[in-house]
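Report on the structure given below.
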Amino acid sequence: MDAAERVGRQAERGGCPAVDVLPMDSFDPSCLPSERFVVFVVSTTGQGDTPDSMKGFWRYLLKKNLGARWLEGVRYAVFGLGDSGYQKYNFAAKKLDKRLLHLGAEPIIQVGLGDDQHPSGYEGALDPWLLSLWESLNQTTPSLLPRMYDIINPDLSVLGDAKVEVIYHSSDEAQQDSNLLDFKNLIQRARSMSPSLQFYNNDKEPHYMLQMVSNRCLTKENSDRDVRHFELENPSSGITYQVGDALEILPSQSPSAVDSFIERCKLDPDCYITVRAKDRVKVSKGSLLKDRIKLKTFVALTMDVMSFFATAEHEKEKLQYFASPEGRDDLYQYNQKEGRTILEVLDDFPSVQMPFEWLVQLTPPLKKRAFSISSSPLAKPNQIHLTVSIVSWRTPFKRMRRGLCSSWLAGLNPNEENLIPCWVHHGSLPPPHPSTPLILIGPGTGCAPFCAFVAERAAQSTSEATAPILFFFGCRNQENDFLYKDFWYAHAHDQGVLSSKNGGGFFVAFSRDQPQKVYVQHRIREQSARVWNLLKSGAAIYIAGSSTKMPADVTAALEEVICEETVCSEEEASIWLRKLERNGKFHTETWS
């Protein structure tokens, strides 16, 4: 969203006569041939999958009746948002670029590949890519960007009008609306009113408001990691989900931080507002009152417009430097690397006074956080369990930072009312059929979805025949972070679904309990014959956990198993696994 908005703002600054910045699912793909110039900004999810907002658009582009000249006359550019730590880095952007070319469109410049691993984040690639884009367009179609100079050398002392207007209502008027008591409706209205959330068309009201009923630490007190087991339930009715699903949570921010922010911006903390686009037709006061929302919903701030409103000269100079290409790395270090909050930025630049219209227009939205569900609806029909690592880190300047959502969840008291806005969505791990043998690899919190898989199969085994499971788990120390130790051993004994008697197995790697580090890939190699026997019988492979080296190391270990057991080449083993993936039996869910 931020990258797409930036492309649009720069095009407007260059005098482009018509600029539309749209989420892909709000654009009719059948109209694509009538466009002259299109810039696509595309992220990648899962294992090279297209994001939800792109799925319908992508399905349309894959229609067989679209010929090689369907997009003749259309010029396009694609910029991908990705992370080179993932195996299929920027895969969605690459395949979109390839498909557009096959349909007859002409690339303006080569596909751009943004990388979160870059010292400046994705902007390290976006800056030069955008400059090349505008220069290429200016050379071929100079009338498209009549103020090209303003893109290359922007005047940071001039800013146009905001595109939204904010209408204020007194708290007395607001109290007349009984719907304000409906928290689910309040969330939906607040987020639908935010211009920043136009890219999240599926962001409707929460599916459930869940109550936390258990908050249990899974790691030892003296461990340097804090991993929690949360149990959530619906106080009013059941919950519909399946194993492999993800739960999205909208976290709450600190009320004191929200109050401080509003005070710092010199706004009335008790007022209500209506936010609407300036080009909308005038409506009655009654309609405005119906659409109002409390000011405290809008609690974030963005850096790239601060310099227009700083009054102290030295602050203006520093902010203008941050907004320039030359200052991009320093801005990234100051802001993202240090994880500065809104209030800290405002404290660093006390002369900044931000017009609220610009704040509403440009502030990134408070995003939902997704977690793999670690429970089975068969075993826990009215509950959802989560396995969450409480995020904390030290910045380069030794400042302690904590993840907003995980820290908020960790601080909730199950004995108090704490309704959590939640959405259930399908994840990257489809639920397997009971008759399908499984090879599960989930080190660390990657075990979360496999708690659900094992519990589900155990519940299924009471009424039908089920296939065996091999599960490979890994952690640092047996004493400190052996997550769900009793759960795994209970299912590995006697006639459990992980028991060797039933053809299954549970294998754990403690990486730091001996001089030489041992990881899940080592355990896979040690169990080569058992892994291959299960693969021969039609097993599906599921991998979950860190996106850094683990997925590649595990895949390499699986290829070695195939080579050793079938006496084939590395290339043949790789082809064998790719075929398994095409047949829907190799799934990966990873995160940074």
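The values are calculated or read from the model by the stated rules, or taken from the named source; none is laboratory data. Every value quoted in this text rests on a predicted model; they were computed, and no experiment measured them. Cβ placement follows ideal geometry from the backbone for every residue including glycine, while neighbour counts extend to all protein chains displayed. With ligands, DNA and RNA removed, areas are computed over all heavy atoms of the protein, side chains included. Shrake-Rupley method; radii C 1.70, N 1.55, O 1.52, S 1.80 Å.
Could you tell me whether any residue of the range 2-23 is assigned to a helix (DSSP H, G or I), open to solvent by 50 Å² or more (accessible area, probe 1.4 Å), at pLDDT below 95 and touching a helix residue (DSSP H, G or I) at 6+ places or on another chain (Cβ under 8 Å)?
Scanning the range 2-23 turns up at least one residue that is assigned to a helix (DSSP H, G or I), open to solvent by 50 Å² or more (accessible area, probe 1.4 Å), at pLDDT below 95 and touching a helix residue (DSSP H, G or I) at 6+ places or on another chain (Cβ under 8 Å).
Which of the residues that make up the range 443-479 are open to solvent by less than 20 Å² (accessible area, probe 1.4 Å) and more than 14 Å from P432 (Cβ to Cβ)?
G446, C447, A448, C451, F472, F473, G474, C475
Being of a type in the set (A, V, I, L, M), more than 34 Å from the chain's Cα centre (by Cα) and open to solvent by less than 60 Å² (accessible area, probe 1.4 Å) is true for just one of A539, A529. Which residue is that?
The unique qualifying residue is A529.
I need a count of the residues in the range 233-265 that are among the polar types (S, T, N, Q), modelled with pLDDT under 90 and assigned to a loop (DSSP other than H, G, I, E, B).
Taking the range 233-265 first, the residues among the polar types (S, T, N, Q) are 234, 236-237, 240, 242, 252-254, 256, 260.
Next cut, modelled with pLDDT under 90 only: 236-237, 252-254, 256, 260.
Still in the list and also assigned to a loop (DSSP other than H, G, I, E, B): 236-237, 252-254.
Qualifying residue count for the region: 5.
Yes or no: V508 modelled with pLDDT under 95 and either open to solvent by 40 Å² or more (accessible area, probe 1.4 Å) or closer than 17 Å to C475 by Cβ (or both)?
Numbers: modelled with pLDDT under 95: no; either open to solvent by 40 Å² or more (accessible area, probe 1.4 Å) or closer than 17 Å to C475 by Cβ (or both): yes.
So V508 does not fit the description; no.
Which of the helices (runs of 4 or more DSSP H) contained wholly in the range 31-142 include at least 2 residues that are surrounded by fewer than 19 Cβ atoms within 10 Å (Cβ to Cβ) and assigned by the TED database to the domain that holds G584?
Here the list is empty.
Consider only pairs whose beta carbons are under 7 Å apart and that are at least six residues apart or on different chains; among these, list those whose first residue lies in the range 45-64 and is on the phi < 0 side of the Ramachandran plot and whose second residue is among the polar types (S, T, N, Q).
Matching pairs, first to second residue: Q47/S428; Q47/T588; P51/S43; P51/T45; D52/N202; S53/N201; W58/T50.
Do any helices (runs of 4 or more DSSP H) lying entirely in the range 332-419 carry at least 3 residues that are modelled with pLDDT of 90 or more and not assigned by the TED database to the domain that holds L483, and which ones are they?
In the range 332-419, the matching helices (runs of 4 or more DSSP H) lie at 404-410.
Taking the residues in the range 204-227 that are among the aliphatic types (A, V, I, L, M) and buried (at least 19 other Cβ atoms within 10 Å of the Cβ) as candidates, determine which candidate is nearest to K368 (Cα to Cα).
Across the range 204-227, the extreme among qualifying residues is L210.
Scan the range 488-495 and tell me whether some residue there is over 21 Å from P377 (Cβ atoms) and among the small types (G, A, S).
yes
Considering only residues that are hydrophobic (A, V, I, L, M, F, W, C) and open to solvent by 20 Å² or more (accessible area, probe 1.4 Å), look in the range 552-578 and name the one that is nearest to the chain's Cα centre (by Cα).
Here the residue is A552.
Being farther than 14 Å from K98 by Cβ and of a type in the set (A, V, I, L, M) is the filter here; which residues of the range 67-76 pass it?
Restricting attention to the range 67-76, the residues satisfying the condition of being farther than 14 Å from K98 by Cβ are 67, 69-70, 72-75.
V74 - this is the single residue of the range 67-76 that is farther than 14 Å from K98 by Cβ and of a type in the set (A, V, I, L, M).
Based on what the data block shows, is F230 modelled with pLDDT under 80, buried (at least 16 other Cβ atoms within 10 Å of the Cβ) and among the aromatic types (F, W, Y)?
no
Please work out which one of (1) assigned to a strand (DSSP E or B); (2) touching an Asp or Glu at 6+ places or on another chain (Cβ under 6 Å); (3) over 21 Å from R476 (Cα atoms) is the condition W532 fails and give its number.
Result: W532 fails condition (1) only.
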